[in-house]
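Some notes on the structure that comes next.
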Amino acid sequence: MLKLINISKTFNIDTLNQTKALININLEVKNGDFITIIGGNGAGKSTLLNSIAGVFKPTEGNIILSKKNITDLPEYKRANFIGRVFQDPLMGTSPEMTIEENLSMALNKKSSLSLKWAVNKRKREIIKDHLSEINLGLENRLETKVKLLSGGQRQALTLLMATIIEPDILLLDEHTAALDPATAIKINELTENIISNHNITTLMITHNMKAALRFGNRLLMMNRGKLLLDIDGKTKENMTINHLLEIFQKKHKEGFYNDRSILSLA
C-alpha cells in the first residue's frame with residue numbers, strides 16, 4: 001500500500017548545520033494498518049510524515065503509494081489522497097468560516113461532488129451524517145464559526161475533515177499533544193473509532209507509550225533518523241510498557257541517543 005524505499009533526508013547539506021534527519025528508512029505499510037510511532041525529540045518522526053505528505057522531497061529514496069511513485073509529487077496534489085492532522089488544533093481549519101463551510105471544502109476533494117466550496121443540500125446531508133458520528137452535537141451547529149469551538153471540538157473537526165473522503169493514508173502528528181488529558185483521551189477514542197469504522201490506513205506519532213501500545217496493530221520506534229523497532233500482531237498485543245522500556249534501554253546501551261522524552265506515560 002505504502003512503501004518507503006531507502007528514504008534519507010539531510011538538511012543544510014554541505015554547511016556547518018548539516019543534519020541527517022532520516023537515514024535509510026525502509027518501511028512497508030499494508031492496507032488497514034494502524035501504526036503508532038514513538039521516539040525522542042529529533043528522532044525523525046515528523047520528518048518521516050513530512051516526507052510522505054510531500055512537504056519536502058527526500059534526499060534519497062522513493063515513496064510508493066497505491067503502486068504509484070509519488071516521490072516527486074508536490075504536497076498540494078498529495079493532499080487529494082493523504083489526510084493529515086497536526087498537533088496544533090488551530091491548523092487544518094479556516095477559523096472565520098463555519099463548520100459546514102470547512103467540511104464542504106474537505107468534500108471538494110471528491111470529484112463526484114461540486115467543485116465549489118459553497119454548501120448545497122447534498123453536501124449538507126453528508127456533513128450532518130458525518131458530524132453525528134462523532135457525537136459532539138456539532139451537526140446542530142453547522143453555521144457556527146470554527147474560531148468559536150474549543151480545542152477539542154476543533155481537533156475533532158480537523159480529524160473529520162482529514163477523513164471525510166477516506167484518504168489512502170492518514171497522518172497524525174501528535175494530534176492530541178496540545179489538549180488537556182481528558183480531551184486527549186476523547187480525541188484518541190474518536191480517532192480509533194473513525195479509523196476502525198472506515199478501515200483507514202494510518203500512521204500516528206505519539207510520545208505517550210500507553211497510547212502507542214493501546215492503539216493500532218503495529219508500533220515503530222525511531223531514534224536519530226533510524227527505524228529501530230517494528231512490532232506487530234500478537235507481539236504488540238502482549239507487550240507491556242516495561243517490555244518497551246527494556247528494549248529502549250537495550251538500544252541505548254548499543255549506542256543510541258537516550259532522550260527521556262520517549263518515556264512519557266501520561
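The values are calculated or read from the model by the stated rules, or taken from the named source; none is laboratory data. Because the structure is a prediction, the values reported are computed rather than measured. In this analysis, Cβ positions are derived from the backbone assuming ideal geometry, glycine residues included, and neighbour counts consider all displayed protein chains.
Residue 179 versus (1) touching a residue at least 60 places away in the same chain (Cβ under 8 Å); (2) part of a helix (DSSP H, G or I); (3) in contact with a helix residue (DSSP H, G or I) (Cβ under 8 Å, 6 or more places away or on another chain): which is the lone unmet condition?
Every listed condition holds for residue 179 apart from (2).
Only one residue in 88, 129, 72 is modelled with pLDDT of 95 or more, out of contact with any helix residue (DSSP H, G or I) (no Cβ under 7 Å at 6 or more places or on another chain) and either more than 25 Å from residue 34 (Cβ to Cβ) or assigned by TED's automatic domain parsing to the domain that holds residue 156 (or both), so which one is that?
72
From 81, 86, grab the single residue that is under 19 Å from residue 201 (Cβ atoms) and buried (at least 20 other Cβ atoms within 10 Å of the Cβ).
It is 86.
Residue check, residue 165 against (1) within 18 Å of the chain's Cα centre (by Cα); (2) in a loop (DSSP other than H, G, I, E, B); (3) free of Cβ contacts under 8 Å to residues at least 60 places away in the same chain, all met but one. Which one?
(3)
Pairs please, first residue from the stretch 1-29 and closer than 18 Å to residue 66 by Cβ and surrounded by 15 or more Cβ atoms within 10 Å (Cβ to Cβ), second anywhere and of a type in the set (Asp, Glu) and modelled with pLDDT of 95 or more, Cβ atoms under 6 Å, 6+ apart in sequence or on different chains.
These pairs meet every condition: 3/28.
Since residue 151 meets every condition but one in (1) surrounded by fewer than 21 Cβ atoms within 10 Å (Cβ to Cβ); (2) within 22 Å of residue 180 (Cβ to Cβ); (3) touching a His at 6+ places or on another chain (Cβ under 8 Å), which condition does it not meet?
The single condition residue 151 does not satisfy is (3).
When you look at residue 144, is it in the same structural domain as residue 2 (by TED's automatic domain parsing), in contact with a strand residue (DSSP E or B) (Cβ under 7 Å, 6 or more places away or on another chain) and farther than 19 Å from residue 88 by Cβ, yes or no?
Spelling it out, it is not the case that residue 144 is in the same structural domain as residue 2 (by TED's automatic domain parsing), in contact with a strand residue (DSSP E or B) (Cβ under 7 Å, 6 or more places away or on another chain) and farther than 19 Å from residue 88 by Cβ.
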